[in-house]
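Quick one: this structure, given as structure tokens, is what I'll be asking you about.
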Amino acid sequence: MKTKDYIELEDRYGAHNYHPLDVVVERAEGVWVYDVEGKKYLDCLAAYSAVNQGHCHPRILGVLREQAARVTLTSRAFRNNRLGLLYRDLVEMTGMEKVLPMNSGAEAVETAIKAARKWGYTVKGIPEGKAEIVVCENNFHGRTTTLVGFSSEEQYKKGFGPFTPGFTMIPYGDAKALRRAITPHTCAFLVEPIQGEAGIIIPPDGYLREAAAICRDAKALLILDEIQSGLGRTGKLFAYEWEGIRPDGVIIGKALSGGFYPVSAFLSSREVMDVFHPGDHGSTFGGNPLACAIAREALAVLRDERLVENAAALGPYFIERLRSIRSDRLKEVRGRGLWIGVELDRPARPDCEALKEKGMLCKETHAHTIRIAPPLVIKKEEVDWAFEQVRSVLEAPALARA
């Protein structure tokens, strides 16, 4: 079968809820993927940061095979010999106190919302049914009806209401707006340290520090969604470390499994997590032994191969090179670590398609921005090659007239 045959099958039998580039990937290794016709591409999306450790990392693959041959699922009706070890690894690596494992990132965000509300009622003393959570414009926390209900992106919401009440939206990066929005009924501020889907939007320096102080003064929780920004993407384990703060809760996923399996978690202080009691919340697959074994090895790979440090070294280098591009269409290059947004004055889809033809896979976000986020195993010479592809596309006069 050829590329067009696979595309025709998807279009005929699948829901049309995505608009992918027309490349059909058959296999992958490290930063490279190969399509069904044998063409090689440099992956500069990394499955939205889910494969920070690179595609099909041999260490994680080995653990998956070994654990899958022993036991994959027990449900939380019984204990397993992998869960406690993952808890310990996460606590020791992150400095948080407690862990609640889930599967998808959206589930982990929902878990954080439930924890924040219950903390608000049982610890802060908010009247039942009155808890409020402050969120930001242009946020992206997932696709459940609750999560899209407090999105400012109309397409995410259209046709899916009614939505869950209890959320107050403010401009991103505006600490004064946060201070004004908080009331005695506010239980939490839920925010991305860097907004990924919005186009790699970095808030002003000091924003998270001020937000932490505002939340502390108001006795409200600061909960950070680090599903995309965490686990090394920005050149630190978590993006909030750039501001030297400690949140009350952190949501992680994606790279927690190195791309092998859906694994996510909500991490928090003991005070927050201890609001949960048996029967309050759960997941059949959350914390299963296969997921735990994979996640532990994925974390170990980040540490042992110094992938966070690689992002810290190569990210600024890549950004500096991209800023040297001379193109009337280039508005801004922004980023932190190996998480980069190249904003254009026109829709970015044609440029992503042109990059695909040159063997580099990127994806547009918020229409006008090319998101560049390769696996953290990328090497300097591969960064240089990727830069040359972007430069050639953005400086091409023929594409400029398209």
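Helix 3-13 against the longest principal axis of the chain: what's the angle in degrees, Cα atoms only, rounded to the nearest 10?
Relative to the chain, helix 3-13 is tipped by roughly 40 degrees.
Among DSSP bridges having both ends in the chain, what percentage is antiparallel? Round to the nearest 5.
Of those bridges, close to 65 percent are antiparallel.
Just how far, in whole angstrom, is region 175-191 from region 332-402 if you go by their alpha carbon centroids?
36 Å
Okay, next question. What Rg and what Dmax come out for the chain when only alpha-carbon atoms are used, in angstroms?
21.3, 63
Could you order the peptides 97-103, 207-213, 142-148 from most to least packed, using the average number of other C-beta atoms within 10 Å per residue?
For the peptides 97-103, 207-213, 142-148, the packing ranking is 97-103, 207-213, 142-148.
Take the alpha carbon atoms of region 1-68, find their center, do the same for region 226-262, and report the distance between the two centers in whole angstrom.
23 Å
Here is a further query. Between region 126-152 and region 86-125, what's the alpha-carbon centroid distance in Å?
After rounding, the separation between the Cα centres reads 16 Å.
Can I ask one more? For Cα pairs less than 8 Å apart in space and 6+ apart in sequence, what is the mean separation divided by the residue count of region 108-174, i.e. the relative contact order in percent?
Relative CO of region 108-174 lands at 33 percent.
Next up: How large is the convex hull of the Cα atoms of region 71-304 per residue, expressed in Å³ as a whole number?
Each residue corresponds to 124 Å³ of Cα convex hull volume.
Which whole-number percent gives the relative contact order of the chain, counting Cα pairs below 8 Å spaced six or more residues apart?
Across the chain, relative contact order equals 23 percent.
So what's the angle, to the nearest 10 degrees on a 0 to 90 scale, between helix 207-218 and the longest Cα principal axis of the chain?
So the inclination is approximately 10 degrees.
Okay, moving on. By average Cβ neighbour count within 10 Å, what is the ranking of 245-255, 82-92 from highest down?
Packing proxy ranking, top to bottom: 245-255, 82-92.
If you wrap a convex hull around the Cα atoms of region 226-296, how much volume per residue is inside, in Å³?
So the per-residue Cα hull volume is 95 Å³.
To the nearest 10 degrees, how steep is helix 83-94 against the longest Cα principal axis of the chain, on a 0 to 90 scale?
The answer is roughly 80 degrees.
Based solely on its DSSP helices, what 222 nm [θ] is calculated for the chain when runs of n ≥ 4 H residues each add -39,500 (n - 2.57) and the sum is averaged over all residues, nearest 500 deg cm²/dmol?
-10500 deg cm²/dmol
While we're here: What are the lysines whose alpha-carbon lies under 21 Å from the alpha-carbon of Lys118, with same-chain residues fewer than 8 places away excluded?
Hits, sequence-local ones excluded: Lys98, Lys130, Lys219.
Something else about it: Relative contact order of region 71-304, please, whole-number percent, based on alpha carbon pairs below 8 angstrom and at least 6 residues apart.
Here the relative contact order equals 31 percent.
So between Phe78 and Glu305, what do we pick up on full extension, going 0.36 nm a residue minus the alpha carbon distance?
Length gained, Phe78 through Glu305: 78.3 nm.
Another question, then. Please list 152-161, 365-374 highest first by mean number of surrounding beta-carbon atoms within 10 Å per residue.
365-374, 152-161
Going 7 Å from the Cα of Glu97 toward and past its Cβ, which residues in region 250-267 have a backbone nitrogen under 18 Å from where you end up?
250-251, 266-267
Rule-based calculations on the coordinates, nothing more; no lab input. Since the structure is predicted, the reported quantities are computational estimates derived from the model, not experimental observations. Every residue, glycine among them, receives a Cβ derived from its backbone with ideal geometry; neighbour counts consider all protein chains shown.
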